[in-house]
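The values are calculated or read from the model by the stated rules, or taken from the named source; none is laboratory data. Computed from a predicted structure; not experimentally measured. Because the Cβ atoms are built from the backbone with ideal geometry, glycine has one as well, and the counts that use them run over all protein chains shown.
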Amino acid sequence: MRFPVDSARLRFRIAVPARPDVDFTSGEVKRRDNRSVWVLSLTVMDGSDVEVIRVRTTDAGVEALQQDDAVAVAGLSVLHWAMGDRSGMSFQAESVTPTAATVGKGAATGGAASSAGAK
């Protein structure tokens, strides 16, 4: 069962930019609802602590985001998983979008907003 995360009190930044989530066995990009799955690492700040989480999303717009961009995360949920003697948490988001500060930075400095197609 997935549990929703109230992200309203949290601040997020891109720690590691998005890349396609590749199936370990087949080498193919994973798909959900006929859309590619992306994985990215985010720093999560709540005012007193910072954590880094890996988040999966089908929001193709994450490809344009760069390291240290401030972002808003919508529809964040977490799933606790266990497999044999291993366990962990898996995070999923409906969307990861740049905040106003990031959009302004991209327009002013040639960052994420203007370099998206320059790969």
Cβ-Cβ distance below 6 Å, separation of 6 or more or different chains: which pairs start in segment 49-77 with a residue that is under 23 Å from Arg31 (Cα atoms) and free of Cβ contacts under 8 Å to residues at least 60 places away in the same chain and end on one that is part of a strand (DSSP E or B) and of a type in the set (D, E, K, R)?
Thr58/Arg32; Thr58/Arg35
Being closer than 15 Å to Thr97 by Cα and either of a type in the set (Ser, Thr, Tyr) or in contact with a Pro (Cβ under 8 Å, 6 or more places away or on another chain) (or both) is the filter here; which residues of segment 40-61 pass it?
Leu40, Ser41, Thr43, Thr57, Thr58
Exactly one condition in (1) surrounded by fewer than 17 Cβ atoms within 10 Å (Cβ to Cβ); (2) of a type in the set (Lys, Arg); (3) modelled with pLDDT of 95 or more is false for Arg13; which is it?
(1)
Of everything in segment 58-73, what is part of a loop (DSSP other than H, G, I, E, B) and either within 10 Å of the chain's Cα centre (by Cα) or surrounded by 16 or more Cβ atoms within 10 Å (Cβ to Cβ) (or both)? Give them in sequence order.
Thr58, Asp59, Leu65, Gln66, Asp69
Scan (1) at pLDDT below 95; (2) touching a strand residue (DSSP E or B) at 6+ places or on another chain (Cβ under 7 Å); (3) among the β-branched types (Val, Ile, Thr) for the single condition Thr58 breaks and write down its number.
(1)
